[in-house]
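The values are calculated or read from the model by the stated rules, or taken from the named source; none is laboratory data. Quick caveat: nothing in here was measured; it's all calculated off a predicted structure. Cβ coordinates were reconstructed from backbone atoms using ideal geometry, including for glycine residues, and neighbour counts include every protein chain displayed. Note: areas computed on protein heavy atoms with side chains; ligands, DNA, RNA excluded. Shrake-Rupley method; radii C 1.70, N 1.55, O 1.52, S 1.80 Å.
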Amino acid sequence: AGFRELGDAKVLLERAGEDAPESAALDLVGDIDRDREHHHNLYVIELDPDVLKVRRFRAANPDRDPDRPCVYVGMTGLTPEERLENHRRGHKSSWFPKTFGKRLLPELYAAFNPMPYELASLMEGELAEHLRSLGHGVWWN
C-alpha cells in the first residue's frame, strides 16, 4: 500500500482483497469537504486488444497479464460518459481511447467519484499504476 498527502486528505492505495484482484481499492481517508460540490471524475476505458499491436503500448506494459483487459485511465470535469463520447469524436482526445476505446469500466472507478480537481489529478496516476501492478495493460497521460 502507498500513501500520498494532499492537503487534509490522504489517499490509500491497496488491493481490495485476495479474492477480488480486479477491484482497484482507493480509499479516501481524511477531511474531504463533502458539503462542497466537486465535479471531477476518474474514468477507465477498456481498450480493444488490437492496442497490443502498438509498440509503445507494449513497451509501457512489459509485465501485462494476457488474461486482463487493456485500459486507458483518465480524469475529467465531465461525466465519464460525456468524456468517452468526446474521445470517440476526437475532441481533446488521446489517440489510444479514440482509436481503441470500447467501453467504460465503472467497477474500477465509480466508487471514487466525484472529487476535487487536485485529488483527481493525484488519483489518476495512482489508479493507473495500481491497475498496471495487477497486470492490466495501461495507458494514461
Next item on the list: Quick one: what are the phi-derived ³J(HN,Hα) couplings along the stretch 79-84, Karplus 6.51/-1.76/1.60 with θ = phi - 60°, whole Hz, x for glycine and proline?
Entry: 6, x, 5, 5, 5, 4
Next item on the list: Mind listing the long-range amide H neighbours of Asn61? Cut-off is under 5 Å, sequence gap 5 or more, other chains count too, H placed in the peptide plane at 1.01 Å from N.
Entry: none
Next item on the list: Filter the trypsin sites (Lys or Arg not before Pro) in the stretch 45-127 down to the DSSP loop ones having no more than 16 other Cβ atoms within 10 Å, then list what survives.
Entry: Lys92
Item checked: Mean accessible surface per residue for the stretch 40-141, computed with a 1.4 Å probe while every protein chain stays in place, in Å² -> 48
Next item on the list: From zero up to wherever the largest Cα-Cα distance of the stretch 48-123 sits, split into 10 Å bins and tell me the percent of pairs in each.
Entry: 16, 45, 34, 4
